[in-house]
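The values are calculated or read from the model by the stated rules, or taken from the named source; none is laboratory data. Please read these numbers as outputs of a predicted model, since none were measured by experiment. No Cβ is skipped: glycine too gets one built from the backbone with ideal geometry, and neighbour counts run over all protein chains shown.
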Amino acid sequence: MDEQPDSTTAPAAGAGADARAGLDRRAELSEFLRTRRARLQPEDVGLPHYGRHRRVPGLRREELAQLAGVSVAYYTRLEQGNGQGVSAEVLDSIARALRLTDAEHAHLTHLAKPKHKKKQAAPTQQVRSSLRQLLDTLDAVPAYVVGRRAELLAWNRMAAAVFGDWSQMPAQERNWARMVFLKPEYRDLYLDWEQKAIDVVCGLRMEAGCYPEDPRLSALVGELSVKSEDFRRLWAAHDVKEKSHGVKRLRHPLVGEMDLRYESFKLAADADQSMVLYHAEPGSPSAEALRLLASWGADATRAGTAS
């Protein structure tokens with residue numbers, strides 16, 4: 001018998017009014033499990049597919065429960081957002097059945113077994129002065145520090161030359177999510193804007209699992225949900241991942257297209273902050289473009305996309 005859509009599942013904190021109301025951990029858990037289940041077909045996990053019409057996409061709950069070795073009632077309760085009393089072993093079994101990545105497994109654990117902390121205002125993020133000095137010494141390498149909620153905390157001259165003069169922005173707007181979704185110039189800057197947007201949303205989703213009660217994160221999600229249809233679409237997918245390295249293809253207004261590799265390092269003294277550095281393949285046109293930007297100094301910064 002085909003599974004009926006569940007009217008008792010907690011509402012998704014995914015877009016529009018739900019996001020503006022805050023990040024509901026139960027709703028986040030419910031929607032995350034539902035979307036992970038929906039992306040799997042019986043043949044993906046070795047179950048027979050009888051070719052009948054299914055009223056819901058992906059695996060049925062009873063199929064997932066069978067794979068995870070739990071009762072249907074137990075799994076249904078979990079997918080309805082009730083993670084109370086769930087063991088790490090059960091979460092591991094469900095993660096394996098859903099074929100979750102390491103990042104998705106960690107996200108599931110954060111949602112189902114949150115660390116209870118006393119509610120308090122999030123402290124202001126500070127970048128150590130020695131770290132700022134280190135950024136300034138990297139004359140030919142675009143580098144910046146990003147913190148909670150995708151906020152830009154510090155950067156060097158080369159980062160401003162490549163990405164725009166962030167010093168001319170109000171502090172609240174120095175945020176990758178706001179820039180990517182609300183500033184048209186960043187759609188022009190990234191040749192693969194969609195992938196950059198996905199990366200930003202996946203990072204915010206990871207934070208939502210770790211800090212569901214962060215009022216500033218909730219406000220950011222609410223603002224972007226109201227102002228950007230693209231953000232609403234990507235946020236509703238409930239995808240999570242961590243990217244520590246890769247390549248970004250840019251179209252700079254002064255030097256044209258550049259392929260820049262990046263490496264992201266979490267800071268040992270503050271795991272909520274990461275330093276991101278970019279470089280080009282030695283001898284490549286992109287390396288020459290970076291050299292030109294470095295030689296132009298303040299002129300390149302003033303020509304940046306955010307000026």
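Odds and ends about this structure:
- Annotation: of all residues in region 80-90 being surrounded by 13 or more Cβ atoms within 10 Å (Cβ to Cβ) and more than 22 Å from the chain's Cα centre (by Cα), the one that is modelled with the lowest pLDDT is 83.
- Failed item, numbered, when residue 212 is tested on (1) surrounded by 21 or more Cβ atoms within 10 Å (Cβ to Cβ); (2) more than 13 Å from the chain's Cα centre (by Cα); (3) under 18 Å from residue 25 (Cα atoms); (4) modelled with pLDDT of 90 or more: (4)
Yes or no, residue by residue, for (1) of a type outside the set (A, V, I, L, M, F, W, C); (2) touching a His at 6+ places or on another chain (Cβ under 8 Å); (3) assigned to a helix (DSSP H, G or I):
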site: 144; (1), (2), (3): yes, no, no
site: 158; (1), (2), (3): no, no, yes
site: 161; (1), (2), (3): no, no, yes
site: 178; (1), (2), (3): yes, no, yes
site: 194; (1), (2), (3): yes, no, yes
site: 202; (1), (2), (3): no, no, yes
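- Scanning region 163-176 for residues that are surrounded by 14 or more Cβ atoms within 10 Å (Cβ to Cβ) and part of a loop (DSSP other than H, G, I, E, B) yields 164, 165, 169, 174.
- The requirement of being touching a helix residue (DSSP H, G or I) at 6+ places or on another chain (Cβ under 7 Å), surrounded by 14 or more Cβ atoms within 10 Å (Cβ to Cβ) and either closer than 30 Å to residue 232 by Cβ or not acidic (Asp, Glu) (or both) is not satisfied by residue 135.
- Of all residues making up region 199-234, the number that are closer than 22 Å to residue 248 by Cβ and of a type outside the set (A, V, I, L, M): 9
- Any hit, region 182-192, residues being touching a strand residue (DSSP E or B) at 6+ places or on another chain (Cβ under 9 Å), part of a helix (DSSP H, G or I), surrounded by fewer than 20 Cβ atoms within 10 Å (Cβ to Cβ) and assigned by TED's automatic domain parsing to the domain that holds residue 243: yes
- Identity of the residue in region 265-307, at pLDDT 90 or above and hydroxyl-bearing (Ser, Thr, Tyr), that ends up farthest from residue 249 (Cα to Cα): 274
- Residues satisfying the stated conditions in region 29-42, i.e. assigned to a helix (DSSP H, G or I) and either touching a Gly at 6+ places or on another chain (Cβ under 7 Å) or modelled with pLDDT under 90 (or both): 29, 30, 31, 37, 38, 42
- Within region 12-28, restricting attention to residues that are modelled with pLDDT under 55 and outside any helix (DSSP H, G or I), the residue that is surrounded by the most Cβ atoms within 10 Å (Cβ to Cβ) is 13.
- The set of residues in region 66-89 being in a helix (DSSP H, G or I), under 22 Å from residue 42 (Cβ atoms) and not acidic (Asp, Glu) consists of 66, 67, 68, 72, 73, 74, 75, 76, 78.
- Against the conditions (1) in contact (Cβ under 8 Å) with a residue 12 or more places away in the chain; (2) assigned to a helix (DSSP H, G or I), residue 153 satisfies every one except (2).
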